[in-house]
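J.: Structure in structure tokens, see below.
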Amino acid sequence: MYRFANGHLTDSNFNESLLRLIKISSHEIGHMFGISHCLNANCVMNGTNSLSETDYHLARACSLCQRKLNSSVHYDNKKRLLELKNFFEKQHFNTDLSLAQQDLNLLQ
Ligand SMILES: [Zn+2]
Ligand SMILES: [Zn+2]
């Protein structure tokens, strides 16, 4: 968190650092489950070379990478999306909240 805030973690940049941590951690955890880098337009499994590239990408896996993850982990996708939505809402990550809600709407 501290490094993602360029050495000055404050209340005002906490969420930005947390979102960076979530993106990097999600990407690396994806590798732990055997998912390679993804070339889809905006996927957490895209490779990044800088924080600005990390900031540009979403914390969200594309549908193909989600299917790969689900084939090895067998999670309940609706439960996962509801929990993500609640987390994003609590943290005021509005872009991610909106995307989780869109994904939930597709399931209903
Ligand atoms: Zn990677
Ligand atoms: Zn992907």
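The values are calculated or read from the model by the stated rules, or taken from the named source; none is laboratory data. Worth saying up front: this structure is predicted, and the values here are computed from it rather than measured. We place every Cβ from the backbone using ideal geometry, glycine too, and count neighbours over all the protein chains shown.
J.: Quick check on my filter: what residues within region 37-55 are under 18 Å from PHE4 (Cβ atoms) and touching a Ser or Thr at 6+ places or on another chain (Cβ under 8 Å)?
T.: The answer is VAL44, THR48, THR54.
J.: Can you name every residue in region 1-47 that is among the hydroxyl-bearing types (Ser, Thr, Tyr) and more than 16 Å from ligand 1 (Cβ to nearest atom)? Before you say what the answer is, go through the steps one by one.
T.: The initial filter retains those residues of region 1-47 that are among the hydroxyl-bearing types (Ser, Thr, Tyr), namely 2, 10, 12, 17, 25-26, 36.
Answer for region 1-47, where residues must be among the hydroxyl-bearing types (Ser, Thr, Tyr) and more than 16 Å from ligand 1 (Cβ to nearest atom): TYR2, THR10, SER12, SER17.
J.: Now for a separate question. Could we say that ASN94 is away from ligand 1 (no atom under 16 Å from the Cβ) and either on the phi < 0 side of the Ramachandran plot or touching a His at 6+ places or on another chain (Cβ under 9 Å) (or both) here? Give the steps one after another, and end with the answer.
T.: Values: away from ligand 1 (no atom under 16 Å from the Cβ): yes; either on the phi < 0 side of the Ramachandran plot or touching a His at 6+ places or on another chain (Cβ under 9 Å) (or both): yes.
When the stated conditions are applied, ASN94 passes them.
J.: Which of the numbered conditions does SER26 fail, given that it passes all the others? Conditions: (1) in contact with a Phe, Trp or Tyr (Cβ under 7 Å, 6 or more places away or on another chain); (2) closer than 22 Å to ARG3 by Cβ.
T.: (1)
J.: Do the conditions hold for ASN94, that is, is it more than 30 Å from ASN6 (Cβ to Cβ) and at pLDDT 90 or above?
T.: Criteria not met by ASN94.
J.: Under 6 Å between Cβ atoms, at least 6 apart or on separate chains: pull out the pairs that start in region 47-70 with a residue that is assigned by TED's automatic domain parsing to the domain that holds SER25 and under 14 Å from ILE22 (Cα atoms) and end on any residue that is within 14 Å of ligand 1 (Cβ to nearest atom) and charged (D, E, K, R).
T.: THR54/LYS23; ALA59/LYS23
J.: Does any residue of region 25-33 turn out to be among the hydrophobic types (A, V, I, L, M, F, W, C), crowded, with 18+ Cβ neighbours inside 10 Å and away from ligand 2 (no atom under 11 Å from the Cβ)? Break it down stepwise before answering.
T.: Step one: filter region 25-33 for residues among the hydrophobic types (A, V, I, L, M, F, W, C), giving 29, 32-33.
Subset that is crowded, with 18+ Cβ neighbours inside 10 Å: none.
Within region 25-33, not a single residue is among the hydrophobic types (A, V, I, L, M, F, W, C), crowded, with 18+ Cβ neighbours inside 10 Å and away from ligand 2 (no atom under 11 Å from the Cβ).
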